[in-house]
Amino acid sequence: MQYTKLTADEFAAIEGLADWRYELGAIHATFAAPSFPVGAAMVAAIAEAAERAVHHPDVDLRYPGRVHVVLSTHATSGVTTAD
């Protein structure tokens, strides 16, 4: 598969991604769920979507319901249009 890398400035210019930040060659977002079980359900939904896309993020669930997601394209060691 061919990937198109994105710089931090190119990523910042994309509309609708206000929750995401470009940092250390990846994009990061943290979401607050109302409870730990709701956060776990969010992680499960992310996992299902990632499997369908064959593109897997790093996901971290913390009490009381914080879900941190990190996306990058491992094949390019950076952010691409696939992210």
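The values are calculated or read from the model by the stated rules, or taken from the named source; none is laboratory data. All figures in this text were calculated on a predicted structure; none of them were measured in a lab. In case anyone asks, the SASA skips ligands and DNA or RNA and just uses the protein heavy atoms, side chains included. Shrake-Rupley method; radii C 1.70, N 1.55, O 1.52, S 1.80 Å.
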Q) What part of the accessible area of the chain, given as a whole %, is carbon or sulfur when the probe is 1.4 angstrom? A) 56 percent
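With a ≥ b ≥ c the root eigenvalues of the C-alpha gyration tensor of the range 1-45, is it rounded (a/c under 1.5), prolate (a/b larger than b/c) or oblate?
In terms of gyration-tensor shape, prolate.
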Q | Degrees separating the helix 36-53 axis from the principal Cα axis of the chain, which is the longest one | A | 30 degrees
Q. Taking only protein heavy atoms and a 1.4 Å probe, what accessible area per residue, in Å², does the chain have with all protein chains in place?
A. 67 Å²
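How long is the gain from residue 74 to residue 48 if the chain were fully straight, where each residue apart is worth 0.36 nm and the alpha carbon distance is subtracted?
Numbers: separation 26, 0.36 × 26 = 9.36 nm, distance 1.91 nm.
Using 0.36 nm per residue and subtracting the Cα-Cα distance, I get 7.4 nm.
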Q: For the chain, take the alpha-carbon Rg, divide it by the Kirkwood Rh, and send me Rg/Rh.
A: 0.99
